[in-house]
1. Name the pairs whose Cβ atoms lie under 6 Å apart, with the first residue in segment 171-190 and under 10 Å from Pro135 (Cβ atoms), the second at pLDDT 90 or above and not in a helix (DSSP H, G or I), and 6 or more positions between them or separate chains?
2. Out of Gly145, Gly141, which single residue is at pLDDT below 90, at negative phi, in contact with a helix residue (DSSP H, G or I) (Cβ under 6 Å, 6 or more places away or on another chain) and among the small types (Gly, Ala, Ser)?
3. Does Ile183 count as over 14 Å from Leu40 (Cα atoms) and of a type in the set (Val, Ile, Thr)?
4. If Gly87 passes every condition in (1) at positive phi; (2) modelled with pLDDT of 85 or more but one, which one does it miss?
5. Scan segment 105-129 for residues that are modelled with pLDDT under 90 and assigned to a loop (DSSP other than H, G, I, E, B) and report the count.
6. From the list Lys118, Lys133, which one is farther than 29 Å from Gln64 by Cβ and not acidic (Asp, Glu)?
Amino acid sequence: HCTSIKKKRQPLVLVGWSLGGLACLQMAVEQCSDVDALILVSCNPCFVTHENWQYGIEGALFEQFGESLKKDFSATIRRFLSLQVKGSESGREILRDLREKIMQQRQPDESSLEAGLKILQQTDLRDQLKKIKQPVNWLLGGQDGLVKAELAKTLTQVTVFEKAGHAPFLSHTDLFVEQLVEIVGANLFA
């Protein structure tokens, strides 16, 4: 897909949130010359804590989510949604809207959610970051319960939305859009 966009001589900035950020990182590694820049939102190159990586979360949390999906799907989804806005000033309002919109949709396939959890649990792209020559911009939530804000210490070109959770584009939409526009402008039109 990246190649077909580049053949049209259009700039290509990949934007990915959480698991989608891992997909963007992988695409940039595999099709490096086709990507002009990356914007990774609430993404961690390694979501799980390891001996030499304290910026992830405990692997047991992913296992708990997986078990919870099997036992009480609805409660697990509610818990996951609450993590998206944890710490946000307008979290309750956003959470109510999110739940309402989710309930209007077809229920996600449990096996797809389990596969996503497994990807988050097993993927480690820290070494791959060194291979990416294009600008990589990170947007993090200071109150994120899934991607620790301390990750910013290991990154360059990072913005932390101090009062945002895992989905800063929901809780701080205007600031988030301003930041996106600024990043795209700086990377493509400087």
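The values are calculated or read from the model by the stated rules, or taken from the named source; none is laboratory data. The structure presented is a predicted model; accordingly, all values stated were derived computationally and were not measured. Every residue, glycine as well, gets a Cβ built from its backbone with ideal geometry; the counts of neighbours run over all protein chains shown.
1. Within 6 Å, the pairs are Ile183/Ile39; Ile183/Asn137; Asn187/Ala37; Asn187/Pro135.
2. Details: Gly141 fails: at pLDDT below 90.
Testing whether each residue is at pLDDT below 90, at negative phi, in contact with a helix residue (DSSP H, G or I) (Cβ under 6 Å, 6 or more places away or on another chain) and among the small types (Gly, Ala, Ser) leaves just Gly145.
3. Numbers: over 14 Å from Leu40 (Cα atoms): no; of a type in the set (Val, Ile, Thr): yes.
So Ile183 fails the test.
4. Every condition holds for Gly87 apart from (2).
5. 5
6. On the way: Lys118 fails: farther than 29 Å from Gln64 by Cβ.
Answer to the selection: Lys133.
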